[in-house]
Amino acid sequence: MTRPGGTQQYWIYGAAAALLALQATVLHIFGQPFFAASGHLMLWVNDPFSPDMSQQLADWYSFSHIIHGFIFFGLLHLIAPRLPFGVRLLIAMGIEISWEITENTPATIEHYRQQALAAGYRGDSILNSLSDTFMMSTGFFIASRLRARYVIAIALAFEIFTACVIRDNLTLNVINLLAPSDWAPIKAIHKWQEGAKH
């Protein structure tokens, strides 16, 4: 006997797997390596200036991707509250994967290199990029289980924590990405971030 909703559940799993396969394939076409060039497989990269940053399973920017999940859940809850959870998660995955692909285009990589903390950025490894999507999905799931005020508190804690430890976070990343690099406040941010090297 088939459980109610079982067919839909398998469809969602299949669609999620297809999205991840598409992500990996496009990044491979872009020339991104599957594993870090160092040849090491690490669960966590602590040094924001390490060549393994954005190459391993998790790093300081994993917190930002969890916050992506918080944001996507909140927006989809407001825009399409009647859609099944699985469908909303697939939409969130599609948005995140679209960003992961955009993030690894030559133009975006070069733009990131203008930032103090990303001077040697070469894009993500495929492993790291897939992990970023998993982190977003984790954030999405957490947001579905907690009250909004707790989700907001966790997001703020992540932002303050990473700003204090590595002088970067999702907010600063977005500002650096969108604002002109020759704008005085951006130069001030870059100068402050360079102090993390000392």
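Residues that are of a type outside the set (G, A, S) and in contact (Cβ under 8 Å) with a residue 40 or more places away in the chain were ranked within segment 170-188; the one that is farthest from I109 (Cα to Cα) is L170. In this structure, is S62 surrounded by 15 or more Cβ atoms within 10 Å (Cβ to Cβ) and either at pLDDT 95 or above or more than 20 Å from M136 (Cα to Cα) (or both)? Yes. Residues in segment 147-178 that are modelled with pLDDT under 95, crowded, with 17+ Cβ neighbours inside 10 Å and farther than 12 Å from Y61 by Cα: N176 only. Just to be sure, is I66 touching a residue at least 60 places away in the same chain (Cβ under 8 Å) and under 25 Å from Q9 (Cα atoms)? For I66, the condition - touching a residue at least 60 places away in the same chain (Cβ under 8 Å) and under 25 Å from Q9 (Cα atoms) - is met. Checking the structure you have, find out if any residue of segment 43-50 is buried (at least 16 other Cβ atoms within 10 Å of the Cβ), touching a Phe, Trp or Tyr at 6+ places or on another chain (Cβ under 8 Å) and of a type in the set (G, A, S). Scanning segment 43-50 turns up no residue that is buried (at least 16 other Cβ atoms within 10 Å of the Cβ), touching a Phe, Trp or Tyr at 6+ places or on another chain (Cβ under 8 Å) and of a type in the set (G, A, S). Y13 meets each of the listed conditions (1) in contact (Cβ under 8 Å) with a residue 12 or more places away in the chain; (2) in contact with a Gly (Cβ under 9 Å, 6 or more places away or on another chain) apart from (1).
The values are calculated or read from the model by the stated rules, or taken from the named source; none is laboratory data. In this text the structure is predicted, and so the values were computed from the model without any measurement. Cβ atoms come from the backbone with ideal geometry, glycine included; neighbour counts cover every protein chain shown.
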